[in-house]
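The values are calculated or read from the model by the stated rules, or taken from the named source; none is laboratory data. Note that the structure is predicted; figures quoted are calculated from it, not measured. Ideal geometry is used to build each Cβ from the backbone, glycine not excepted, and the neighbour counts take in all protein chains shown.
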Amino acid sequence: MYAYTGDSAEIFSLRPESLEETYIYRFVKSLMALPPNKAIERFYQFFFEAANPPNAAVRSALLAIAASPETENTFNYMLNRCFYTLCNPWRTETANHWAIQELVIGLENLPQRRSQNRELRQLQQRLRGFVETSQYLALKRQMQVLMAEKSACQTAGSAEQDAAEKVAQQERDRRLGGELKRYFYLHETAMTTKDVADSHRKQIRQLQNHSRQQFERRCYAFMASRQCPQSRPVANPSQLPEAEFAAAFTLYHPKRNDSYHQQAQSFLADHRQFKTMGDFQDEFSRYLIKTASECNPRYRNNHFSRSLRQQLAMAADREMSLNQTMIVHACRRALEFLVVRTLQIPNTVILQNLLKDVGHAVTVGLLLKVVMFCGKVRPWFEERFGILFHVYEQTRKTEIPWLVQTLEHLNIALALNHNLIVPA
């Protein structure tokens, strides 16, 4: 996730690559011409044993990066790029998804032997250390999303092995992390890090768009089947009860009367009349609080509404002239307040109280109004829930029904309004 790798990841992605890195990237690109099993074998021979490079310069480059104390983080970023380089062509071919799993999981199954050569020991220590990084976690999430349940065990084993794998899969399915594929809006933030190149990120976005389009089609098909009982039954695309799904679909739909899209457009037109940041802060807080107070009148002036106004007031001095940068900053502060601030401070008291007092549909509608008014904060919005996913990834879904239900509502809201949330 973007927030987990620190500023050094972004610096690495922007700086020119060193000569040593160039040697290594060229070698890894050459592996793409091999059959996947051979490419994986050569990949680990090279990065674990510095063996079978095309020439001595490539081997020296790898050992130099592994040995240099100044490049402790650089090794991880370089290795991460190499994983993406090799995985990308396999990602577009369903028949090769098994190779992504084998490549990624291979890092957890390295030989335990310890080399007698000091340079190789340093290399192997760096390689094993990559397992503990956020980059590797993102790679594993990609693998889990891409791999269908049947392909998770392509080679049939004994009945005992098959039973054990089935039990393990059931346990994964019980945890929130097993649901990442469902939540398309989390794909980029959960499956990439800041150091990932745009060319690699593009494929993740394609996967994300494909998942969204599939879910959107299933939503419309399910609603159509409800309206025509004689038609062929269509499965509920969500994990919500059918009645709750239908109500949420209607509420979030952009073409309903006084939809959240229409409210956002109206406020977007009004905000152009505001001259100062104070004018905007006052009206923006009313714009958001109105959604909650219509459901629960206490929210017209309670601790939540006062705290929200205070958070917006801290975005900038009230007397300053209004500009787009300040608007984006205010919207980001609102999302931090409403959802979660950072991974280091994953406090969800405000969000959970809001869910309890006004319900999931109204809470998600309130959040939707922020990103529909200011599309530039959508990545920030997705990252808030990416943080929650990271925090609760290994938690059983039955222990966090409030979060699972929220993610399900967001699926519907963002699928129906995707084309209306624009960055401009």
Exercise. Only one residue in Ala330, Ala246, Ala313, Ala292 is surrounded by 15 or more Cβ atoms within 10 Å (Cβ to Cβ), among the small types (Gly, Ala, Ser) and in contact (Cβ under 8 Å) with a residue 60 or more places away in the chain, so which one is that?
Worked result: Ala292
Problem set entry | Residue that is closer than 28 Å to Arg396 by Cβ, assigned to a helix (DSSP H, G or I), modelled with pLDDT of 90 or more and among the aliphatic types (A, V, I, L, M), where the choices are Val167, Val131, Val145 | Val131
Exercise. Within the group Lys194, Lys202, which residue is outside any helix (DSSP H, G or I) and charged (D, E, K, R)?
Worked result: Lys194
Exercise. Within region 341-350, is there a residue that is assigned to a helix (DSSP H, G or I) and either basic (Lys, Arg) or assigned by TED's automatic domain parsing to the domain that holds Pro254 (or both)?
Worked result: yes
For this session: Being modelled with pLDDT under 85 and of a type in the set (D, E, K, R) is the filter; apply it to region 94-125 and report the residue that is farthest from Thr74 (Cα to Cα).
Result: Arg113
Exercise. What number of residues within region 205-221 satisfy the criterion of being small (Gly, Ala, Ser) and either over 17 Å from His409 (Cα atoms) or not in a helix (DSSP H, G or I) (or both)?
Worked result: 1
For this session: Could you pull out every one of the helices (runs of 4 or more DSSP H) wholly within region 33-99 that has 2 or more residues that are under 22 Å from His200 (Cα atoms) and touching a helix residue (DSSP H, G or I) at 6+ places or on another chain (Cβ under 7 Å)?
Result: 36-49, 72-91
Exercise. Within region 221-241, restricting attention to residues that are hydroxyl-bearing (Ser, Thr, Tyr) and surrounded by 15 or more Cβ atoms within 10 Å (Cβ to Cβ), which residue is nearest to Thr406 (Cα to Cα)?
Worked result: Ser238
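Could you list all residues from region 104-124 that are loosely packed, with under 14 Cβ neighbours inside 10 Å and either part of a helix (DSSP H, G or I) or aliphatic (A, V, I, L, M) (or both)? I'd like the intermediate steps shown before the answer.
Initial filter on region 104-124 (loosely packed, with under 14 Cβ neighbours inside 10 Å): 105, 108-109, 111-114, 116-118, 121.
Ile105, Glu108, Asn109, Arg118, Arg121, listed by residue number.
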Seminar exercise, completed: Looking across region 36-56 at residues that are within 28 Å of Asp198 (Cβ to Cβ) and modelled with pLDDT of 95 or more, the single one that is surrounded by the fewest Cβ atoms within 10 Å (Cβ to Cβ) is Tyr44
For this session: State which residue pairs qualify: first residue in the same structural domain as Ala413 (by TED's automatic domain parsing) and inside region 210-222, second residue surrounded by 14 or more Cβ atoms within 10 Å (Cβ to Cβ) and of a type in the set (S, T, N, Q) in any location, beta carbons under 7 Å apart, and separation of 6 or more residues or different chains.
Result: none
